[in-house]
Amino acid sequence: MRRLLLLSLVLLFFAGCESVEDQVFEPEPNIFALMRIDDTSIYQWVTVDQSYDIQDTVNIWGLRDAYVKVWGGEDTFTFEDSFYMADSAKWFKQPEGYYGEWGNFNDTTLYHLEVILPWDDTVTAEAYMPTPIRIHTPADSDTVSISAEPYDPHVVTWNLCKNTALYLIYCIPDVDTSELENISPIFSMPSFTMDTSYTFFLERMIAPWIYDKYYVLRVIAVSPEYVDYMGAEVPGGSVSNLSSGYGMFGGIAEDSIRVFIVP
Amino acid sequence: MTLWGAAITGSVADKETREAIAGCSVYLEGTEFGTSAASNGYYRLDRVPRGSYTLVFSMIGYKEINRRVALENEASVLYENARLERVPIQMPAVEVSSRRIEFEQEVTASAFRIDKEALKYTPAMVERDLFRTLMTLPGVTFVSDFTSALYVRGGSPDQNLVLLDNMVLYNPFHFGGFLSTFMIDAVDNVEFLTGGFPVRYGNRLSAVLDVESVDPEPLGGYLSTSLLATEGAVWGRLGKFGGMLTARRTYFDKVIPIFMDFEFPYYFYDIHGVLSWRATSKTRLEATFFNTKDKLDLAEESIPIGVGWGNQLVTLRLIQELGDPWIAKAWVGWSRYTADFSFSDLMDAENGIDDFSARTMFIRTAEVSTVELGAQASYLKFIYKVDAEPFASYDIDGRSEYGAAFFSWKWKPDPLFLLQTGVRFSVYHAFYPDTLRDSLTGETIGIDSLEKTWFEPEVRVSAKYFVTADDAINLSVGNYYQNLAMVLPEGGRIPTNFWIPLYARYEPQHALQFILGYEHLFSDGSRVRVEPYYKHYTYLLAFNDMLDIADATRNIFSAGAGRAYGADFSIEKASGNLTGWISYSLAFSRFISDTLEFYTNFDRRHNLNVLGTYDLGKNWRVNAQFTFASGMPYAGTLGRYRMWYWNPIYQDWYYHWMIIEADRNSLRFPAYHRLDVGASKAWEFKWGTLTVRADIINLYNHKNVMLYYYDLSNEPPVRRSVSMIPFFPSVGVEVRF
């Protein structure tokens, strides 16, 4: 019996020595390819990056030596590593991982993203782009009265955009960029709708509004991929439409006007 | 028929009340033959050579009986019943070994009877505590110094049935985990079953802690104070009536404002009272009153937080001797648990259970078999309400009924074999009106009544085979149901518990237990145990970490399966100047569902406890406790990535760092270890005893990690840790009269 006891203790010892390793961090690609849509060609950016160990010092902005391509229909856009801008002074460097190319996208073509990483893994995604957006009312430099809004609730209107999950509406004091930092964060919070018009000004009355000023009214059409990525659909989360890793491939279209707002 | 000699058997009972005297020492003077009476008073001495002996019945608080007996031949069986008379004097505190009776009468080795004396002399963080001692037993693990919650053999704390006088206590802990709600002098007959528990216990999957209130003794009392609380008790007995009242309260909230301009925001109190009436020589009636309350109120802070909880319990117990060999017991009682949590104006949570229960049990004790028949009926009203507008508001408010009947049979046909088997049949019915709300406006649009009844058959079998007079192997198999669960976020570090009886969104939890054990008993009552076990959870609920609070009633738990397995080892030294035990547990605990599989947050692979008390003489005692526990899993941060976005205001690209969480419980803290030491000296006076104690917790000040967090204000983020109890000396004084 004592031998049996000894044997069982030995077995216990070996059973307990089963190692349970901590999960180890493994880097994954992080690609952000948000195309900006307008009627004309815009210089587009794609950032190619990776995830990092939480305790690592991150002194680079992204990954160089990647191959970035977007194509669809008859169009193919090959993005160049912008670390040394070809048309910049040699001493000026962009951050690592920025890839740029002129591009103009339409709302009927399914576009494909392909990124070949420096370690030869390939990340792909596909998305339709939003229709370019144009604000119909109010007109640029119009004077808008907040108190009149209840009688004319759809002050801000725009065209219907395809491939759009959400419209974001910003009302930004028309001041110098450096002054924006001193203005209440309430102005950086967008309103949103899925309609092509918005009852906008009345709700802004809760904000510390500064009347008799010029504001920039900006409306953005956001593709579904970017909405998911920003976590609008998943509380506290972010959804990627890439084949692996973090990030997204999608598009936004935006338009803005300058209005004078009175009480 | 005995195989190796004659036998002496019989029962031991109180002369006045006729109630069985569990633990009564029965031995043959001048020999090594001895045992202790079982919980039903039955005893048996086997393998006694023929001859003449003095049979001794000895028990603290009773007058010893010496009786001459003669065994004519080695096949004879002598029947000797004893009725012991209470004596109104304080007997010297001697060690009454109940090891032999546990060894010979308990089928499963997973049972522990806690000696009150041992409780008094284990090192303690400012106060002695029952749960802190239980945490040192094999099969039991813990998650931090700041909670006394017991994790038994891979089961979460809500899988433990905690009974006080046969009524359920839902949260027997105080804030910070230093103390449970039990005051040591108010309890008696503490039985802790870490697995394979018999069918008289139900509605839990893992373990049972069965605590009985003390039977009031002749006039006495004590007053003790420590750094944390002051505790006092009085008890007495007058004729057929006895009573005891014990109370404890922290005093910082009252004392500190006298000397400082500071409102201490926390207090707790415990009140435990017992009334006893020995109506006739065959009838005894007892009433228990139990009330505890914790309150933490940080209303004056910049972020107001309020936490409170309490237990109230009233129970009435009847013990009726129906005529040899039948005894009837009946309980009726009410147990209430309430808890609330508020966080500024953002969140209010409220939990409450009202448990009205009645139980009855009939016991027939005979030489070779003991039969238990019983039934239970419970009615529970419950509420779990969270108001965190506009983000979430839910209200789980309903009722449930639970009824059970059981039959248990313990059979010992010969000294080599012991069998205990039983069946339990339970019916559980839950009703919960689910309020349906419009997802946009939040307005009530209807009521969806969730009503369901479950039938739960349970079968449990335990067997023990005595290889030699001092060695035995045992086997235990059984299935177990549980109809309520605790909202216990991973880590289990919330100060209070939120209980929810299961409703029709979920199924009752169910587990199968398999236990194989070996036990060796030494002649002085010391023993060695090895007990491998396997627990298979066929249906298990875990708090849903990804809870969608907008629809909490449907997804507050994740349903899955699980398994817990391992082995417990213990060696106890029960006599001599040095007493104590070494316990080691190897444990694995996994939760498995269709979508996730992870080690539970209490999956400690190794747990080692070494406890010792040394009696130096002249009322000096020193003690020490060393604990080693391997790292506990946690859900932590693994990495980060830049989340880029277009800023329409500044018309530029920006990013913020997003945290990458590791898989659930895929990281582990460093190993935990701690050494506590203590010493006590007692002075005896004519009026009573004065005892002074001193303890040092975490003697070498090891920084045991409770949690990690990342300071994101640094670049890169710096991992910081919060440690558990550091080096901490404490003193206490007790006056006992």
Amide hydrogen neighbours beyond the local backbone of A:LEU166, cut-off 5 Å, H modeled: A:VAL222
For the range B:159-164, Karplus couplings with θ = phi - 60° (6.51, -1.76, 1.60), whole Hz, Gly/Pro x: 8, 9, 8, 10, 10, 10
Determine which lysines satisfy two conditions relative to B:LYS295: a Cα distance under 18 Å, and not lying fewer than 8 residues away in the same chain. B:LYS254
Of B:LYS464/B:LYS535; B:LYS63/B:LYS681; B:LYS381/B:LYS452, those spanning more than 26 Å from alpha-carbon to alpha-carbon: B:LYS63/B:LYS681
Would you give the gap between the C-alpha center of the range B:332-348 and the C-alpha center of the range B:150-202, rounded to a whole Å? 20 Å
With the label point 7 Å along the Cα-to-beta-carbon line of B:SER723 and a cut-off under 15 Å to each amide N, the hits in the range B:697-716 are B:697-708
Let me know the Kirkwood hydrodynamic radius for the protein assembly as shown, please, with Cα pairs as the basis and the value in Å to one decimal. 33.0 Å
Rounded, prolate or oblate (a/c below 1.5 giving rounded, otherwise prolate when a/b exceeds b/c) for the range A:29-128 by Cα gyration tensor: oblate
Over chain B, relative contact order from alpha-carbon pairs under 8 Å, at least 6 apart, %: 10 percent
Report ³J(HN,Hα) in whole Hz for each residue of the range B:703-714, in order, from the Karplus equation J = 6.51 cos²θ - 1.76 cosθ + 1.60 where θ = phi - 60°; Gly and Pro get x. 8, 7, 7, 9, 7, 10, 8, 10, 7, 7, 7, 9
Give the cross-link partners of B:LYS686 among the lysines, using a straight C-alpha distance below 17 Å as the criterion and excluding same-chain residues fewer than 8 apart. B:LYS618
Partner aspartates and glutamates whose C-alpha sits under 13 Å from that of B:LYS412, ignoring same-chain residues fewer than 8 away, are B:ASP46, B:GLU104, B:GLU106, B:GLU367
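Can you give the percent of C-alpha pairs in chain B whose distance is more than 49 Å?
17 percent
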Could you give me the ³J(HN,Hα) list for the range B:422-431, computed from phi with Karplus coefficients 6.51, -1.76, 1.60 and θ = phi - 60°, whole Hz, x at Gly and Pro? x, 10, 9, 10, 10, 10, 10, 10, 10, 10
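For the range B:654-719, run through the chymotrypsin sites (Phe, Trp or Tyr not before Pro) and keep only the ones in DSSP coil with at most 13 other Cβ atoms within 10 Å of their Cβ. Walk me through the numbers on the way to the answer.
Details: sites: B:TYR654, B:TYR655, B:TRP657, B:TYR672, B:TRP683, B:PHE685, B:TRP687, B:TYR700, B:TYR708, B:TYR709, B:TYR710; in loops: B:PHE685, B:TRP687, B:TYR700.
Those that pass, being in a loop and sparsely packed, are B:PHE685, B:TRP687, B:TYR700.
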What FRET efficiency, computed as 1/(1 + (r/R0)^6) with R0 = 30 Å and r the Cβ-Cβ distance, is obtained for B:TRP454 and B:SER369, rounded to the nearest 0.05? 0.40
One point scatterer per Cα, no solvent, Debye formula: log10 I(q)/I(0) for the range B:6-93 at q = 0.14, 0.21 Å⁻¹ comes out as -0.45, -0.95
Taking amide H positions as placed in the peptide plane 1.01 Å from N, state which residues far from A:GLU96 in sequence (5 or more) or on other chains have amide H under 5 Å from it. A:TRP61, A:GLY62
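Bear in mind that the values in this text are calculations on the coordinates, not laboratory data. From a predicted model like this one, the values you see are computed outputs, not experimental measurements. Please note: Cβ atoms are built from the backbone with ideal geometry, for glycine as well, and neighbour counts cover all protein chains shown.
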